[in-house]
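Okay, so here's the structure we're looking at.
Where a number appears in this text, it was derived from the coordinates with a stated rule and is not lab data. Just so we're clear, the structure is a prediction, and the values are computed from it rather than from any experiment. FYI the Cβ positions are ideal-geometry reconstructions off the backbone, even for glycines, and counts take in every protein chain you see.
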Amino acid sequence: MRGMRAFHVLIFFLCVIGTVVLHVLAGSAQAVVISQDAAVVLSEFFVAVTFNNATPVTVNNACSEWPQHVVCNALSQSIKTLNFTSQQLSGTLPTSLSRFTGLTYFNVADNSIGGTLPPEYSPWGASVYYVSASINALTGSLPPEYHNWTLLNGFDVTSNQLS
C-alpha cells in the first residue's frame, strides 16, 4: 500500500513538472517583439543590400517573417543574429547596423556587396563572436576600430578586394 502511494505521488509530480515544461515551451513559441529602432535598422539593411523582400519590417514580424535569416533575443527585444549567406545581395553595408549592439553572429558571405567595412561596427566588439563577409566585392582595408572585437571565434573576409 505504501509503495503504491509513493508511486502515485511520483506520477503526480511528473505530471506537474510536465505541465510546467509545456507552459514554458508554449510561452517561448510566442512571437518576439523587437524595438522600433531595431525594426528601422533591419529595414534599412534590407534596402541597402537589396534583399529581395516584399514584406515591410515591423516590430512584430522581424523575428518571425525571416527565421532562417534573423534571430532575436526576447529578453532585450533585439536582433542577435543576421545570416544572409548566398542571398544575391548587392549594394553596401549600412552604418546603421552598428546600433545592433547585442549582435553575436553576422554572415553576409557569398553575395555581391560592395563598398567598405564600416568602422561604425566597432560597438559589436562587446558581443559579436562570428563575422563573415567573404566572397563579396568589398574594398578598402579593415577598420582599426575592430581591434576591440575580442570575443571573435571566427572572422572571414576572404575573396574580396580588401588591402
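Cβ-Cβ distances below 8 Å connect the following pairs, each with a first residue in the range 80-105 that is within 17 Å of Trp66 (Cβ to Cβ) and in contact (Cβ under 8 Å) with a residue 60 or more places away in the chain, a second residue that is of a type in the set (Gly, Ala, Ser) and outside any loop (DSSP other than H, G, I, E, B), and a separation of six or more residues or different chains: Phe100/Ala38; Phe100/Ser78.
Of all residues in the range 152-163, which are assigned to a loop (DSSP other than H, G, I, E, B) and exposed (fewer than 13 other Cβ atoms within 10 Å of the Cβ)?
Hits for the range 152-163 are Asn153, Thr158, Ser163.
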